[in-house]
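Okay, structure first, notes after.
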Amino acid sequence: MRLADGPHVECVTEIAADPQRVWELVSDISTSARHSPELQEVEWLDGAGEPAVGACFSGRNRNAKLGEWHTVSRIARMTRPSVFQWEVVHHDERHHGEPLAVWTYTLEPLADGAGTRLRHGMRVGPARGPLHDFAERHPEREEEVVGGRLALLRTGIEATLSGVKAEAEAGPEA
């Protein structure tokens, strides 16, 4: 896959818990940091203390291949209890810039009322980021690098979904 193809990844799980319980977890920015192998910690910015459209938070990320880096994200969409979405933006454009990546949780009640189908995914862009810079310098490796990054992200998303599932099914006291 090339950057012009709109790289994205999405994973899904079914959780034996009410959508409201799952919503409480996915709309808490610290939940992803508890379960992601890459996202290490998060912190609200600009005095925000809870999720709201436009609120911003920072993230510290790390993996063996890319090292450590920091991000700034802004909540882009909250439709309780079905969609929680944030955009990773350039640090100096947190309130108005185009996203480097868009991350989304989508929740649907299961037809039998026995739980929640939770999708979690991300797409790259539309703003230029580090992958674009690399692809420009090494066009012959673009597909390999984009594919490798998507594979790492898939692994992280699957781990995060497993953690959310375990927490949600353990109940609110867990």
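Which members of the range 129-141 meet the condition of being among the basic types (Lys, Arg) and either buried (at least 17 other Cβ atoms within 10 Å of the Cβ) or in contact with a helix residue (DSSP H, G or I) (Cβ under 9 Å, 6 or more places away or on another chain) (or both)? Quick ask: steps written out before the conclusion?
Kept after step one, since they are among the basic types (Lys, Arg), are these residues of the range 129-141: 137, 141.
Within the range 129-141, just 141 meets the criteria.
If I filter the range 63-86 for residues that are in contact with an Asp or Glu (Cβ under 7 Å, 6 or more places away or on another chain), of a type in the set (Lys, Arg) and more than 22 Å from residue 163 (Cα to Cα), do I get at least one hit?
Yes; the residues of the range 63-86 include at least one that is in contact with an Asp or Glu (Cβ under 7 Å, 6 or more places away or on another chain), of a type in the set (Lys, Arg) and more than 22 Å from residue 163 (Cα to Cα).
Out of 159, 111, which single residue is at negative phi and either in contact with a Lys or Arg (Cβ under 9 Å, 6 or more places away or on another chain) or without any contact (Cβ under 8 Å) to a residue 40 or more places away in the chain (or both)? Let's see the steps before the verdict.
Working: 159 fails: either in contact with a Lys or Arg (Cβ under 9 Å, 6 or more places away or on another chain) or without any contact (Cβ under 8 Å) to a residue 40 or more places away in the chain (or both).
Only one candidate passes the filter, namely 111.
Tell me the residue from 148, 163 that is small (Gly, Ala, Ser), surrounded by 13 or more Cβ atoms within 10 Å (Cβ to Cβ) and closer than 19 Å to residue 120 by Cα, please.
Details: 148 fails: surrounded by 13 or more Cβ atoms within 10 Å (Cβ to Cβ).
Checking each option against the conditions leaves just 163.
Among (1) touching a helix residue (DSSP H, G or I) at 6+ places or on another chain (Cβ under 6 Å); (2) more than 21 Å from residue 159 (Cβ to Cβ), there is one condition residue 75 misses while meeting the rest; what is its number?
Unmet condition: (1).
Where a number appears in this text, it was derived from the coordinates with a stated rule and is not lab data. What you are looking at is a predicted structure, and each value in this text was computed from that prediction instead of being measured. Every residue, glycine among them, receives a Cβ derived from its backbone with ideal geometry; neighbour counts consider all protein chains shown.
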